[in-house]
Amino acid sequence: MESENQKVISEAEELPRTIVRRVVKEKLSHDGDDMSVHKDALLAFSESARIFIHYLSATANDICKESKRQTINADDVLTALQEIEFSHFLGPLKASLHEFRQKNAGKKAGAAKEKEEKKKRKLEELSHDSGGGEKVENEDDQDGTGHA
């Protein structure tokens, strides 16, 4: 029973094979050769990446806890990379993070602008419908006094 639980846990933590294959092939085929990668090698890459992610996240979590916080942020991950002696990844990671933040900021600004425009249109529609100069008469008002 215990080996079944371990198998389920490892499958749940397993990285998507297609992504691992694509990353490995992109990295290995810089010189134009179409490199083939054995299934066992892909499994080794995948498992290595999973272990690295666990190690990095545990270190980032420790840094976060030392700061008396419960949410790991990007700076915790960057500090963890330095702590586990992978500081040569900091430059490319910071560049990717900066690019991601710029794209995200643009999306947020666009979404906020769209939301504001929708709100403005809705207010205009409401003011149009509820007395934008037009008098709505009561059908039951037969004597013209404004009362039924």
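The values are calculated or read from the model by the stated rules, or taken from the named source; none is laboratory data. Please read these numbers as outputs of a predicted model, since none were measured by experiment. Because the Cβ atoms are built from the backbone with ideal geometry, glycine has one as well, and the counts that use them run over all protein chains shown. The area values use the complete protein model at the heavy-atom level, side chains included, leaving out ligands, DNA and RNA. Shrake-Rupley method; radii C 1.70, N 1.55, O 1.52, S 1.80 Å.
In a shell of Cβ-Cβ distance under 12 Å around Leu81, excluding Leu81 itself, what net charge do Lys and Arg (+1) and Asp and Glu (-1) give? Combined, the nearby Lys, Arg, Asp and Glu give -3.
Estimated at the nearest 10 Å², the accessible area of Arg21 is 100 Å² with a 1.4 Å probe.
When all protein chains stay in place and ligands, DNA and RNA are ignored, the 1.4 Å accessible-area order of Phe45, Phe100, Phe52, largest first, is Phe100, Phe45, Phe52. Once all protein chains are placed together, Glu125 keeps about 110 Å² accessible to a 1.4 angstrom probe. Legend: residue pairs Lys65/Lys103; Lys25/Lys115; Lys65/Lys108; Lys25/Lys103, Cα-Cα distance threshold 32 Å; pairs beyond threshold, Lys25/Lys115.
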